[in-house]
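Working notes, structure below.
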Amino acid sequence: MGAIYILWLRELKRYVRSRVQIVVSLAQPCLYLLAFGAGFTPVFKQAGLGSYIQFIAPGIIGMTVLFSSVFNGIAMLWDRQFGFLKETLVAPVSRLEIMIGRTLGGATVAMIQGTIVMLICLLFGFRPHSWTALPFAFVFVFLVAMLFSALGTAVGSVLKDMQGFQLVMNFLVMPIYFLSGALYPLKNLGKAMTVVTHLDPLSYGVDGLRGALIQQWQFSPATDAAVLIAVACGLLGLGAYLFSKIEV
């Protein structure tokens with residue numbers, strides 16, 4: 001447990017020290033809120049669906065957690081390049097503990113960024129249905145962060161260069177985000193799109209956030225939580241296996 005705590009704390013320190021990362025990571029959510037939120041609100045209102053800021057804010061929070069947690073895998077490539085990963089792997093600690101510590105650290109950083117973006121959404125005019133629902137919303141933030149942090153660790157375990165990671169992440173992350181319903185409702189889609197969006201695990205995370213914050217559910221709270229927990233456990237197992245195969 002000591003190794004897990006040390007690695008978790010290390011990821012937090014790395015994030016706090018990287019002021020540039022904090023600022024840059026907030027630029028994209030602000031752009032989406034400004035461009036999409038302000039731009040599509042009139043169209044959304046004409047369709048009788050209310051404020052688009054209210055609808056898109058949970059999706060932007062989900063996007064922030066997704067990107068932050070998945071790109072945690074990049075840190076592993078940096079550690080491998082500069083030798084820190086080798087020093088960690090030869091330490092008298094099980095690789096499972098190392099993987100769990102890194103995953104928890106990446107998930108915690110993603111939750112911090114998600115919290116910051118939620119505050120920014122409030123500045124743009126977003127208001128939750130009930131302030132007492134915020135703890136419930138953060139349950140889904142945590143599940144999404146763990147799921148995609150495990151995915152980032154798994155992918156980072158099998159790649160050895162930054163370019164390969166960027167290509168794989170762009171191939172995975174962008175479709176996951178755009179097919180999650182973060183930017184549009186999942187109702188009344190075609191059969192093919194319905195199947196694809198239902199296979200996207202982020203759809204359940206965004207739906208959980210949106211349901212908790214503004215009481216708009218596509219699925220049910222139990223379904224969202226069950227799918228996220230199941231996929232997160234599967235990716236944690238896969239990530240642990242791939243991490244154990246890393247050669248020193």
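Coordinate-derived values only; no laboratory data. The model shown is predicted, which means the values in this text are computed figures rather than measured ones. Cβ: placed from backbone, ideal geometry, glycine included. Neighbour counts: every protein chain shown.
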query: Quick one: which of 189-199, 95-105 comes out on top by average Cβ neighbours within 10 Å, and what's the full order, highest first?
result: 95-105, 189-199
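Please compute the length gained on full extension between ILE116 and GLN28, using 0.36 nm multiplied by the number of residues separating them and subtracting their Cα-Cα distance. Show your work: numbers first, answer last.
Working: separation 88, 0.36 × 88 = 31.68 nm, distance 1.28 nm.
The ILE116-GLN28 span can extend by a further 30.4 nm.
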query: Out of every Cα pair in region 175-240, what percent are spaced more than 17 Å from each other?
result: 41
- request: For a footprinting-style exposure proxy, rank ASP161, ASP224 by other Cβ within 10 Å, fewest first.
  value: ASP161, ASP224
message: I need the peptides 144-153, 127-136 ranked by packing, meaning the mean over residues of other C-beta atoms within 10 angstrom, with the highest value on top.
response: 144-153, 127-136
query: Once the piece of chain linking HIS129 and LEU96 is laid out straight, how much longer is it, given 0.36 nm per residue of separation minus the C-alpha distance between them?
result: 7.9 nm
Along each principal axis, Cα extent of region 112-197, largest first, Å: 45, 36, 22
